[in-house]
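Report on the following structure.
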Amino acid sequence: MKVPITSEISGHKAVRDALRKTEIYSSDLQGDADVRDYRQIPLEIDPPRHHLYRAALMPYFVRPAVEKLIPQFEKMSQDLLSNFFAQEKGEVVSELALPLVMENLGILYNRPQDVSEWIGWGPDVWTAAGPVRNGDVLHGYLDRVYQEAISEPSEDIWSQISQLVIEDKVISPIEFRGIAGVLLAGGRDTVVKLLTGIIWHLGEHPEDIQLLRAQPELIEGAIQELLRFLTPLPAMARTTTPESSTSELPLDRYTQINFISGNFDESVFANPYAVDIKRTRNPHLSFGFGPHTCLGNHVAEIEAKVFLKALLALDIDWKILSQSHIKFYGGQMTSVPDHISALWVAKS
Ligand code: HEM
């Protein structure tokens, strides 16, 4: 998001309270101002207008709609996992997680023809063309698919979104950029971290592989626990002055809402610095809370469940190699990965 943060809200209760109070902690802000000048929608707008966009997008993301895709997700996970583990050793982020997440988005959005292009952007679309952050690659793609959608509509999500009507008006090309951009970004690095983190954790803790194979009913809880522990999106900004309300914007308007602090709050989670796949009560904040709660939460959970089941069914074990690049948090959280840029594994 890259905005200058001057204060922070942390702790499970305080974070949940703040996320409910959109009139005090507003999402009406311009993120990534170095690479874009439009709002990501519905992420960067407040209720009541936020509800209109969110309701229009909801049908693609409700659980029954996503569950219909499970057979296709299963085939993709099985194929990519067996190819990956056919090698003696491999790198999970670039050879498995990113391609799989992009293939799954291709299924969800009915855009299989774009998957290689999305993979080619690498882990961060703003640096797809080089080390300096730049929006040209993403915006070139979004403008092209918008033109295609309005001139030759088809059965894909871009065609449907280009025709969305909000308050009696068909959305503009800029609104299309804002919606399609966040739909591509939201389900990308986050799910890549979750799937990579699953392989990392189980590689370091083979006893949990045995437990999940013996008691598959623990799989759903294990995914919730890994979502908590990995917190793929650790924080988001809010502004105390909605940016479209005035041109007199105080410099200290940004507050960081620290989801990860809620996930490691010892008053809610016993022994939070360890992964406990048998944890029963798990009100984690990894998908946020309140009106902006992740729209893709069912997609992420279903992708992870399908992936984990396919991984366990392979009936192999693996170990994590020391050439991996994992940055851990500091302080009490030295067991918790902040960023996994490369995870090398070998069959054991
Ligand atoms: C493990 C995976 C994921 C995590 C941890 C995650 C996390 C989050 C969080 C914390 C928010 C709230 C942001 C805020 O309050 O400002 C959010 C919002 C959002 N996410 Fe996700 N997300 C994940 C996967 C996905 C997927 C798969 C999609 C779509 C395919 C998606 C699309 C969105 C969208 C559109 C929003 C904005 C919702 C709104 O503003 O109403 N996310 N996500």
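The values are calculated or read from the model by the stated rules, or taken from the named source; none is laboratory data. Note that the structure is predicted; figures quoted are calculated from it, not measured. We place every Cβ from the backbone using ideal geometry, glycine too, and count neighbours over all the protein chains shown.
Kindly indicate the residue of the range 295-323 that is within 22 Å of the chain's Cα centre (by Cα) and not aliphatic (A, V, I, L, M) and also nearest to the ligand (Cβ to nearest atom) among those meeting that condition.
The selected residue is G296.
Going by the structure shown, is K305 in a loop (DSSP other than H, G, I, E, B), surrounded by fewer than 19 Cβ atoms within 10 Å (Cβ to Cβ) and not hydroxyl-bearing (S, T, Y)?
no
Table: residues versus (1) modelled with pLDDT under 95; (2) of a type in the set (A, V, I, L, M, F, W, C); (3) surrounded by fewer than 21 Cβ atoms within 10 Å (Cβ to Cβ).
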{"residue": "T22", "(1), (2), (3)": "no, no, yes"}
{"residue": "S26", "(1), (2), (3)": "no, no, no"}
{"residue": "L29", "(1), (2), (3)": "no, yes, no"}
{"residue": "E44", "(1), (2), (3)": "no, no, no"}
{"residue": "A55", "(1), (2), (3)": "no, yes, yes"}
{"residue": "E74", "(1), (2), (3)": "no, no, yes"}
{"residue": "Q113", "(1), (2), (3)": "no, no, yes"}
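Only one residue in E266, E248 is surrounded by fewer than 14 Cβ atoms within 10 Å (Cβ to Cβ), under 19 Å from V15 (Cα atoms) and of a type in the set (D, E). Which one?
After ruling out the rest, the residue left standing is E266.
Any residue in the range 256-273 that is closer than 17 Å to M236 by Cα sitting within a Cβ distance under 6 Å of a residue that is basic (K, R) and within 16 Å of the ligand (Cβ to nearest atom)? List the pairs, counting only those 6 or more apart or interchain.
From residues that are closer than 17 Å to M236 by Cα, the pairs are I257/R238; N263/R228.
Determine which single condition E95 fails, assuming it passes every other condition in (1) within 16 Å of the ligand (Cβ to nearest atom); (2) in a helix (DSSP H, G or I).
(1)
Given (1) over 25 Å from M102 (Cα atoms); (2) in contact with a His (Cβ under 8 Å, 6 or more places away or on another chain); (3) outside any helix (DSSP H, G or I), where does P291 come up short, assuming only one miss?
The number of the failed condition is (3).
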